[in-house]
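Got a structure for you, written out below as structure tokens; questions coming shortly.
The values are calculated or read from the model by the stated rules, or taken from the named source; none is laboratory data. The structure presented is a predicted model; accordingly, all values stated were derived computationally and were not measured. Positions of Cβ are generated from backbone atoms using ideal geometry, with glycine treated the same way; all protein chains shown enter the neighbour counts. The accessibility values were calculated without ligands, DNA or RNA, using every heavy atom of the protein model including side chains. Shrake-Rupley method; radii C 1.70, N 1.55, O 1.52, S 1.80 Å.
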Amino acid sequence: MNIRKIFAGLLLTLAVSSCIQDEALNVEAAIDDCTGENIQLASIDATHKEIEIYVLDGTDVSQQELNFTLADGATIQADETEAGDQPPYYDFSQRTLRRFTVTSEDGNTTATYVVRINKMELPTHYSFENLRATTPYHIFYLTNESGIMQWASGNPGYELSGMALDETQYPTVQAPIGHSGKCVRLTTRSTGSFGLPLGMPIACGNLFVGSFDVQNAVTAPRQATHFGFPFTKIPQRITGWYKYQKGETFTDENNEVLSGQTDIGDIYAVLYEAETSDYTLDGDLFPLTGGINPNIVLMARIGEQGQQEMKETDEWTYFDLSFEAQNGKTVDPEGLANGKYKLAIAFASSRGGGYFRGAVGSELYIDEVEIICE
């Protein structure tokens with residue numbers, strides 16, 4: 001064989017071998033999502049390694065399906081098995097709280113998550129006295145006789161900006177003096193150098209029934225919010241107390257001042273159709289171009305036609321908003337009884353905050369909210 005060909009072949013082999021490197025195994029051990037039949041809502045607290053799973057009151061949890069979305073290559077296993085476990089089906093009939101350990105692809109990193117199944121019927125009265133966590137940010141929860149449920153907010157997304165020096169500087173916090181006891185304070189804040197190049201110069205304070213997917217907080221922020229929980233009653237009115245002060249300068253998603261426009265807060269609740277347990281409304285339920293999501297059946301929203309307007313005030317002010325039919329729809333009694341409708345309740349310090357329009361410094365206080373039903 002020609003020596004030149006042998007030499008060329010050797011050089012080619014060395015060149016190819018130098019370009020092909022063994023891909024490093026993933027070192028992350030994390031749960032990014034959890035889905036399954038009967039799951040109405042899943043809230044993942046990545047900081048505290050806690051997952052709250054919400055199912056309807058009366059659900060059989062002896063074979064609860066849990067499909068975990070893990071970091072690439074990671075594996076998961078229950079710390080203590082039950083006789084009825086057949087992954088992805090797990091038996092929570094004896095213990096509603098179980099621990100699962102995730103192991104990274106390279107085998108060197110582990111993380112143990114607490115997974116709790118909560119059988120819930122959505123309450124109709126909401127105070128803001130209780131915090132499930134205080135660091136790195138406040139997480140509110142509400143309780144009733146059938147379980148525990150936490151309110152969702154955009155606080156996990158704001159944490160990515162690094163702008164908050166402590167828990168009191170997040171957009172959604174507990175305030176010590178409410179209309180009765182404590183309350184929630186929502187503040188529109190700057191996201192600094194983190195948010196500006198992303199078209200997210202502000203983060204409005206918000207609180208809502210649902211969940212927030214921090215994995216999509218940057219790439220698809222409106223899709224990161226999931227509003228609502230099954231509701232089997234027909235709501236007539238939402239009432240409560242608020243205080244509001246708007247910020248000085250109204251800006252858009254490019255941080256450009258929109259002259260002549262001023263900020264305003266938002267209070268609303270909607271009953272909507274949800275044929276499947278995993279369907280939820282997202283942050284596009286009220287598009288900037290007008291209209292509302294076609295699944296909405298009933299809506300009560302401050303400032304809408306015929307409803308009470310929000311005003312600037314440093315005094316606690318009562319609001320009483322009626323649910324009005326939307327999209328030409330009516331509530332189907334059979335679907336209502338079978339959990340085919342969900343109720344979303346939300347508060348925000350800037351009405352256009354989901355589209356990153358508002359005024360830094362706008363502040364909305366909310367307390368003692370009630371859903372009045374037929």
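Would you confirm whether or not the stretch 145-152 contains a residue that is polar (S, T, N, Q) and at pLDDT below 90?
Yes: one or more hits.
Could you pull out the residue among THR187, THR168 that is within 20 Å of the chain's Cα centre (by Cα), surrounded by 16 or more Cβ atoms within 10 Å (Cβ to Cβ), among the polar types (S, T, N, Q) and closer than 27 Å to THR317 by Cβ?
Numbers: THR168 fails: surrounded by 16 or more Cβ atoms within 10 Å (Cβ to Cβ).
When all the criteria are applied, what remains is THR187.
Just to check your reading of the model, which residue among GLY192, GLY205 is modelled with pLDDT of 95 or more and either on the phi > 0 side of the Ramachandran plot or over 17 Å from the mean Cα position of the chain (by Cα) (or both)? Full working, then the answer.
Details: GLY205 fails: either on the phi > 0 side of the Ramachandran plot or over 17 Å from the mean Cα position of the chain (by Cα) (or both).
Answer to the check: GLY192.
Hey, can you tell me all the residues within the stretch 171-217 that are part of a loop (DSSP other than H, G, I, E, B) and either among the aliphatic types (A, V, I, L, M) or touching a Gly at 6+ places or on another chain (Cβ under 7 Å) (or both)?
Correct list: PRO171, ILE177, THR188, MET200, PRO201, CYS204, VAL209, ALA217.
Going residue by residue through the stretch 38-45, is there one that turns out to be modelled with pLDDT of 95 or more, part of a strand (DSSP E or B) and either open to solvent by 20 Å² or more (accessible area, probe 1.4 Å) or not polar (S, T, N, Q) (or both)?
no
Does any residue of the stretch 308-330 turn out to be modelled with pLDDT under 95 and open to solvent by 10 Å² or more (accessible area, probe 1.4 Å)?
Scanning the stretch 308-330 turns up no residue that is modelled with pLDDT under 95 and open to solvent by 10 Å² or more (accessible area, probe 1.4 Å).
In addition: Could you please find all residues in the stretch 202-261 being polar (S, T, N, Q), out of contact with any strand residue (DSSP E or B) (no Cβ under 8 Å at 6 or more places or on another chain) and either closer than 30 Å to GLU273 by Cα or without any contact (Cβ under 8 Å) to a residue 40 or more places away in the chain (or both)?
ASN216, THR219, GLN223, SER259
For TYR89, work out the one condition from (1) out of contact with any Asp or Glu (no Cβ under 6 Å at 6 or more places or on another chain); (2) at pLDDT 95 or above it doesn't fulfil.
(1) is the only condition that TYR89 fails.
Restricting attention to the stretch 211-218, does a residue exist that is in contact with a Phe, Trp or Tyr (Cβ under 8 Å, 6 or more places away or on another chain) and open to solvent by less than 50 Å² (accessible area, probe 1.4 Å)?
no
Right, here's the next one. Would you call MET149 open to solvent by less than 30 Å² (accessible area, probe 1.4 Å), more than 17 Å from the chain's Cα centre (by Cα), under 26 Å from LEU271 (Cβ atoms) and among the hydrophobic types (A, V, I, L, M, F, W, C)?
no
If you go through the stretch 263-270 one residue at a time, do you hit one that is crowded, with 21+ Cβ neighbours inside 10 Å, farther than 22 Å from ALA224 by Cα and more than 18 Å from the chain's Cα centre (by Cα)?
Yes, the stretch 263-270 has at least one match.
Are there any strands (runs of 3 or more DSSP E) wholly within the stretch 67-170 with 3 or more residues that are in contact with a strand residue (DSSP E or B) (Cβ under 7 Å, 6 or more places away or on another chain) and touching a residue at least 24 places away in the same chain (Cβ under 8 Å), and if so which? Can you show your working first?
Working: elements: 67-70, 75-78, 97-103, 110-120, 131-133, 139-144, 147-150.
It comes to 67-70, 75-78, 97-103, 110-120, 147-150.
On to the next question. Quick check on my filter: what residues within the stretch 221-254 are under 13 Å from the mean Cα position of the chain (by Cα) and either β-branched (Val, Ile, Thr) or not in a strand (DSSP E or B) (or both)?
Within the stretch 221-254, the first condition is being under 13 Å from the mean Cα position of the chain (by Cα), and the residues that meet it are 221-229.
Of everything in the stretch 221-254, those that are under 13 Å from the mean Cα position of the chain (by Cα) and either β-branched (Val, Ile, Thr) or not in a strand (DSSP E or B) (or both) turn out to be PRO221, ARG222, GLN223, ALA224, THR225, GLY228.
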